[in-house]
1. Can you tell me which residues in region 243-274 are surrounded by 15 or more Cβ atoms within 10 Å (Cβ to Cβ) and more than 17 Å from A224 (Cα to Cα)?
2. If I filter region 142-175 down to residues being touching a Ser or Thr at 6+ places or on another chain (Cβ under 7 Å) and surrounded by 14 or more Cβ atoms within 10 Å (Cβ to Cβ), which single residue comes out as farthest from I68 (Cα to Cα)?
3. Could you tell me which residue of region 179-202 is farthest from L162 (Cα to Cα), considering only residues that are crowded, with 22+ Cβ neighbours inside 10 Å and not aliphatic (A, V, I, L, M)?
4. Among the residues in region 19-32, are any more than 20 Å from the chain's Cα centre (by Cα) and modelled with pLDDT of 50 or more?
5. For region 167-216, what are the residues that are modelled with pLDDT of 95 or more, more than 15 Å from the ligand (Cβ to nearest atom) and either touching a Leu at 6+ places or on another chain (Cβ under 9 Å) or aliphatic (A, V, I, L, M) (or both)?
6. Filtering region 229-240 down to residues that are surrounded by 14 or more Cβ atoms within 10 Å (Cβ to Cβ) and near the ligand (Cβ under 9 Å from one of its atoms), which residue is nearest to M211 (Cα to Cα)?
7. Test of understanding: among T243, T256, which residue is within 12 Å of the ligand (Cβ to nearest atom), touching a Ser or Thr at 6+ places or on another chain (Cβ under 6 Å), assigned to a loop (DSSP other than H, G, I, E, B) and not assigned by TED's automatic domain parsing to the domain that holds F101?
8. Restricting to region 217-228, and then to whatever is buried (at least 22 other Cβ atoms within 10 Å of the Cβ) and under 20 Å from P171 (Cα atoms), can you tell me which residue is nearest to the ligand (Cβ to nearest atom)?
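The values are calculated or read from the model by the stated rules, or taken from the named source; none is laboratory data. It should be emphasised that the depicted structure is a prediction, and the values quoted were computed from it without experimental measurement. Neighbour counts are summed over all protein chains in view; Cβ atoms, including those assigned to glycine, are modelled from backbone coordinates with ideal geometry.
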Amino acid sequence: MSNRTTRNCRNIVLMLVAICGNICLPATAFSQSDIGIEFKEKDQIVSTLSLSDLATVAPAVSLKIFEIHEKKERIYKAYSARALFDKIFGKKWGKAEEIVFISTDGYQASIPVTKFLSHDAYFAFAHNDNSPFTMTNVLQNNEVVQLGPLYLIWDNIKSEALLEDGASDMPYQVKSIELTEFATRFPNLSPPTKASTEVQLGFLHFRKHCMACHTINGEGGDKAPELNYPTSVVEYIKPEYLTRWIENPSSIRFNTLMPALAQEIPDRAKVTKEIIAYLQAMSATKRSPKRQDIR
Ligand code: HEC
C-alpha cells in the first residue's frame, strides 16, 4: 500500500471516529437518565418520566438483596416501588389486578398487584458503588446484560417466598410500567374456561415462569420464540424432551440463552408437568396472533 493510500485510510478512520464520537456511542456511554420511562394505565400513558425526574418523586435508598441472576448478594441504589406508584398513579394502584413491565430487550413480566402489596419491591437505577450498571446473568449462559433504565428488585434476603420465586419477576431494562387486567390484556393466553385443574395450574406457572420471554398465540414477551401458533411445541418436541428442555435446556442445546426453570421452585417436577398440560391444552386452542393486535 502506498504512503498516500495509508494516509487516506487513516484519515477515513479518523473521520469515522469523529462522527461516531457523536452518534455511535454505546448506550452505556450516555447517562441513562435521558430515557423516558412510560407509566400507563390500561394502554393510556399517565406519565413519561426520566431517571432525573424520578429522583424528584421519591428518595433514593441503598438496598442489599440476594441477586438471583448472579447467585450472590449485591447492593443497589433504588426507589421504593410503592412510593413511586403512590405518587404517579395515586393510591388506587393497589386496587389494580396486574402490572406489566416491558423491557427494551422484549421481556414482558406480568406480575399480580398482590405481590407488591405483600412484599417490598424497588426500582434499582445504579449499583451502589457506581460501577457500570450491568450484570453477568448466570441463568442466561453468563451473558453480560444492561440493567438500566430501571431494574425491578425485591427486598428478598429475609423472604423465603421471594427466594423461591426465582428471577422471573425481576425484569431489567424496564422502559414501560402498566396497570392492567390480565384477561383483557392477554385474552389469547387463557386456556378454555372448562380446562382441568392441572391445566389451570399450568397456566399460572406459565404466566410466572415463561410468558415474560415467550408468546402463546402472539401474546407475551418478545425475547424468545412463539410456542403455540401455528404449530405448538408439543406437536414437534417429544414429551420427555420438552420436560428436559424446561428443566435443563443446556442439556439439549449448547450455549442456549434459555434459563432452566428455577431450581428453587418447590415441587419443580409437578410444575413442569402442569406447564406441559397447559401447552397441550393451548395446542387445541390456537388463535390467530393478528386478531389480538386490536387491543
Ligand atoms: C429469559 C427468557 C426465557 C424464559 C423465562 C423461558 N424461555 Fe424458553 N426459550 C428462551 C430462548 C431464548 C429460547 C431459544 C433458545 C435456543 O434456541 O437456544 C427458548 C426456547 C424454548 C423452547 C424451544 C422452542 C423451539 O422451537 O426450539 C421451548 C419449548 C421453550 N423455550 C419453553 C419454555 C417454557 C415452557 C418456559 C417456562 C418454564 C420458558 N421457555 C421460559 C428464553 C426463555
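1. Matches in region 243-274: T243, R244, A262, I265, R268, V271, T272, K273, E274.
2. For region 142-175, the residue satisfying everything is K175.
3. Ranking the candidates gives F186 first.
4. For region 19-32, residues more than 20 Å from the chain's Cα centre (by Cα) and modelled with pLDDT of 50 or more: present.
5. Correct list: K175, I177, L179, F182, A195.
6. V233
7. Result of the check over T243, T256: T256.
8. Ranking the candidates gives G220 first.
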